[in-house]
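The values are calculated or read from the model by the stated rules, or taken from the named source; none is laboratory data. Computed from a predicted model, the values in this text were never measured in an experiment. Please note: Cβ atoms are built from the backbone with ideal geometry, for glycine as well, and neighbour counts cover all protein chains shown. The area values use the complete protein model at the heavy-atom level, side chains included, leaving out ligands, DNA and RNA. Shrake-Rupley method; radii C 1.70, N 1.55, O 1.52, S 1.80 Å.
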Amino acid sequence: LFHASPIAIGLSTIADGRFLDVNDAFGALFGYRREEMIGRSALDLGIWADLADRRRMQERFAAGERVVRAEVGYVTRSGETRRALASAQVLE
């Protein structure tokens, strides 16, 4: 289901944001092949358009909250800036 989903899904570490796995839809959203993203972080790839969005998500995680439909800005591999709704939660 993870890899077959047309919805972009990525799994990353809390400590450094390194992608453990992403599906093809996630890679396509940003203009990368999944293999290019795994092992790298969103910071490495320059995906965050506004680091304040990242900081707000980290603050919510630290408070034990999950993020549901937060509007965030991101940058594609080609340099195009876009807005999207992102949902995320900490899994153990």
Of all residues being hydrophobic (A, V, I, L, M, F, W, C) and touching a strand residue (DSSP E or B) at 6+ places or on another chain (Cβ under 8 Å) in region 55-67, which is least open to solvent (accessible area, probe 1.4 Å)? Just the residue, please.
Val67
On the basis of being in contact with a strand residue (DSSP E or B) (Cβ under 7 Å, 6 or more places away or on another chain), aliphatic (A, V, I, L, M) and closer than 24 Å to Ala4 by Cβ, does Val72 make the cut?
no
Considering residues that are under 20 Å from Thr81 (Cα atoms), open to solvent by 30 Å² or more (accessible area, probe 1.4 Å) and assigned to a strand (DSSP E or B), the number found within region 18-45 is 0
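Per-residue answers, yes or no, for (1) at positive phi; (2) not basic (Lys, Arg):
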position: Glu35; (1), (2): no, yes
position: Leu45; (1), (2): no, yes
position: Val67; (1), (2): no, yes
position: Val72; (1), (2): no, yes
position: Thr76; (1), (2): no, yes
position: Gly79; (1), (2): yes, yes
position: Arg83; (1), (2): no, no
position: Glu92; (1), (2): no, yes
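So is Arg60 among the charged types (D, E, K, R) and at pLDDT 95 or above or not?
On the way: among the charged types (D, E, K, R): yes; at pLDDT 95 or above: no.
No.
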Consider Glu59 against the criteria (1) within 12 Å of the chain's Cα centre (by Cα); (2) in a helix (DSSP H, G or I): it satisfies all of them except one. Which criterion is unmet?
(1)
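Across region 80-90, which residue is nearest to the chain's Cα centre (by Cα) among those that are open to solvent by 50 Å² or more (accessible area, probe 1.4 Å) and without any contact (Cβ under 8 Å) to a residue 60 or more places away in the chain? Break it down into steps so the answer makes sense when it comes.
Quick first cut of region 80-90, residues open to solvent by 50 Å² or more (accessible area, probe 1.4 Å) only: 80-83, 85, 87, 89-90.
Add one more test, that the residue is without any contact (Cβ under 8 Å) to a residue 60 or more places away in the chain, and what stays is 80-83, 85, 87, 89.
Working: Glu80: 16, Thr81: 14, Arg82: 13, Arg83: 12, Leu85: 11, Ser87: 9, Gln89: 11 Å.
Looking at the filtered set, the residue picked out is Ser87.
Which is of a type in the set (Gly, Ala, Ser) and either part of a strand (DSSP E or B) or open to solvent by 30 Å² or more (accessible area, probe 1.4 Å) (or both), of Ala52, Ala15? I'd like the intermediate steps shown before the answer.
Working: Ala52 fails: either part of a strand (DSSP E or B) or open to solvent by 30 Å² or more (accessible area, probe 1.4 Å) (or both).
Checking each option against the conditions leaves just Ala15.
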